[in-house]
1. So in the range 25-43, with the set limited to residues that are open to solvent by 100 Å² or more (accessible area, probe 1.4 Å) and of a type in the set (A, V, I, L, M), which one is modelled with the highest pLDDT?
2. Only one of Arg22, Arg46, Arg10 is at positive phi and either out of contact with any Lys or Arg (no Cβ under 6 Å at 6 or more places or on another chain) or surrounded by fewer than 10 Cβ atoms within 10 Å (Cβ to Cβ) (or both); which?
3. Report, ordered by the first and then the second residue, all pairs with beta carbons closer than 9 Å, sequence separation of six or more or different chains, a first member in the range 4-32 that is in contact (Cβ under 8 Å) with a residue 12 or more places away in the chain, and a second member that is open to solvent by less than 90 Å² (accessible area, probe 1.4 Å) and of a type in the set (Val, Ile, Thr).
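The values are calculated or read from the model by the stated rules, or taken from the named source; none is laboratory data. Everything quoted here is computed from the prediction, not taken from an experiment. So basically every Cβ, Gly included, is an ideal-geometry build from the backbone, and we count neighbours across all protein chains shown. Heads up: the accessible areas ignore ligands, DNA and RNA and are worked out on the full protein's heavy atoms, side chains in. Shrake-Rupley method; radii C 1.70, N 1.55, O 1.52, S 1.80 Å.
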Amino acid sequence: AESTCDGQGRINIPQPLLEWARLEKDVLINGTLDHLELWNPEEYARYMGDIEDTFEELAEDLIF
């Protein structure tokens, strides 16, 4: 969702997005080329773990 900053530099995140992303107290901010990603830190760790497993599987397939 697009958003603008208020006078103090804060952004308002719509409630449906907060619920979908499971954002609560702690938030991980990931900067990409033209946008920011806000993650629940536990969900991000799980996602990155899944990607690492996939890379390992791909590497094994290429080697063997």
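1. Going residue by residue through the range 25-43, those that are open to solvent by 100 Å² or more (accessible area, probe 1.4 Å) are 25-26, 29, 33-34, 36, 42.
Next cut, of a type in the set (A, V, I, L, M) only: 29, 33, 36.
Working: Ile29: 92, Leu33: 89, Leu36: 86.
Going through the qualifying residues, I end up with Ile29.
2. Only one candidate passes the filter, namely Arg22.
3. Ala21/Ile13; Ala21/Val27; Leu23/Ile13
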